[in-house]
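The values are calculated or read from the model by the stated rules, or taken from the named source; none is laboratory data. Because the structure is a prediction, the values reported are computed rather than measured. Positions of Cβ are backbone-derived with ideal geometry, glycine not excepted, and every protein chain shown enters the neighbour counts.
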Amino acid sequence: MPEETGASENQENQAPPTQVLNIEPKKPSKKIIWILLAIPALILIGLGAWLIVKNPSPNPSKSSLKETTPSAKVQPMTKRLIWIKGKEIWLKEEGKVVEKVMTEDKKIFGWDLIGGEKIVYITAENSNGQYYGTRILRFNLKTGKKDELLEIPLNTILAEVRKPNVCSIEDPDISAISVSPDGKSLAFARSGVWVLDLATNKTEQIIKTGQLQPQGKPQDSLELCTAYAGLDWVEGQNLEVDIGRYEAVETALLNVKDKNIIYKYFNGGYNPRIIQINYSNSNPIFIKSVDPAFDVGNTKRSIIGEGVDLLKKESFKTEEAYYSSDNYINERVIDNKTVYFVETTIPSDFSQSYGYIFKSFSSDTKKTSELFDFGTITSNGAYSIRCLAPEVSKLYFEAFEKPFEVNIYQLNLDKKEKSLVETISYDEKESNLVGCFQTTTF
């Protein structure tokens, strides 16, 4: 059988199979693998320890962990304007339409902001055509929550009003409020000046009205109680108070901590109007300005000077002033070391077209700069621009250019351009504006 024979011969002639083909490759030992893996791990651990030693990181707090959670988004702060008209609180968010956030059941008498999202305000009750402030309320613009801080019953106020001569020395209703810069205290006027702790609602009287009464005012000529025309916290823990009625006004600077009067001066009538613009040193700076209605031929209507001596009626020396002007200075606002103010130009023919120029004064350099010429406004008085509110590189203000209408403008201090923000219509009898608008962010 040739096939079988051939096969046998071929098998015999073939070389025996090599052992390498029949043996699997030798695997490295497990010990070597663990060594190779451990080397880079040790390098990483050492590098991490070095970084921790060089830049130690504190343990993350709960709040920081919460902020890094994707579901907890930080909401941006939004600029808003707020104003009160009659019984209504209005809010305008930047870039959105105006919103009425709340309507009170009684007329609102005065108000102020607490921080960004809360306001405090006085509500008044009517008795025989006269309004008396009886309550102080707090309202949260964000949540809509309202609570009462203080209430004086109307009957209590009326009983005090009816006392003989009480109106010549007291102001028995709540007539003015002002929130301290730190938002912890509320100053209010009622038969003197009081301070209310906003955390505990405890009240403390700082001074009585009789101690602030304008000198030389005929006591028996007043049919109504003397009103507080202004109440403002200023630098430090001091309060600036304007008290009086019509032309009988006195301004006083009060030390709240010591409960005393730092100084006071008669501030009205045929005497120059005094506006303080720096309170922080022994030589305060004042604006002294002659009201156009009582101008009796002064060579300069306004000066900016230093020292308490400027408060004297006869002290009106322009050569000692940091600044003097032929125009009347009325509105001013203090923003740190810069004072923004408005000069009113008086027409030579004493017509009703008044010009308004925005300027600034530095308490550091004692220099004055012109910012913007608003132009003229035809009106019945020289006070058509008011309520200056400074922001970063901006200045908001109100301008009364038409009857029963006020425009809120924003002045860009860098570009020296104004833009209209909002127009508010009002009724002098039923829906009148309460104080100035304010800016807030929340």
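Say we look at the stretch 337-349 and pick out the residues that are assigned to a loop (DSSP other than H, G, I, E, B) and in contact (Cβ under 8 Å) with a residue 24 or more places away in the chain; which of these is surrounded by the fewest Cβ atoms within 10 Å (Cβ to Cβ)?
Filtering first and then ranking leaves 337.
Only residues that are surrounded by fewer than 19 Cβ atoms within 10 Å (Cβ to Cβ) and touching a Leu at 6+ places or on another chain (Cβ under 6 Å): list them for the stretch 384-399, please.
393
(1) more than 25 Å from residue 264 (Cβ to Cβ); (2) modelled with pLDDT of 90 or more; (3) not in a loop (DSSP other than H, G, I, E, B): which one isn't true of residue 334, the others all being true?
(1)
Please indicate, with yes or no, whether at least one residue in the stretch 365-379 is within 18 Å of residue 83 (Cβ to Cβ), of a type outside the set (Gly, Ala, Ser) and touching a strand residue (DSSP E or B) at 6+ places or on another chain (Cβ under 6 Å).
no
Kindly list the number of the only condition in (1) at pLDDT below 95; (2) within 19 Å of residue 356 (Cβ to Cβ) that fails for residue 412.
(1)
With the requirement that a residue be assigned to a strand (DSSP E or B), β-branched (Val, Ile, Thr) and under 19 Å from residue 278 (Cα atoms), what does the stretch 357-383 give you?
368
Just to confirm my filter: which strands (runs of 3 or more DSSP E) fall fully inside the stretch 121-196 and include at least 3 residues that are buried (at least 20 other Cβ atoms within 10 Å of the Cβ)?
130-140, 176-179, 185-189
Going by what's in this entry, would residue 142 be described as closer than 20 Å to residue 425 by Cβ and at pLDDT below 95?
Against the criterion (closer than 20 Å to residue 425 by Cβ and at pLDDT below 95), residue 142 does not qualify.
Where residues in the stretch 94-113 are touching a residue at least 40 places away in the same chain (Cβ under 8 Å) and out of contact with any Lys or Arg (no Cβ under 9 Å at 6 or more places or on another chain), which of them is surrounded by the fewest Cβ atoms within 10 Å (Cβ to Cβ)?
101
Being farther than 21 Å from residue 254 by Cβ and among the hydrophobic types (A, V, I, L, M, F, W, C), is that true of even one residue in the stretch 173-190?
no
Give, as residue ranges, the strands (runs of 3 or more DSSP E) completely inside the stretch 384-442 that count at least 3 residues that are without any contact (Cβ under 8 Å) to a residue 60 or more places away in the chain, more than 19 Å from residue 343 (Cα to Cα) and not aromatic (Phe, Trp, Tyr).
The strands (runs of 3 or more DSSP E) meeting that bar are 417-425.
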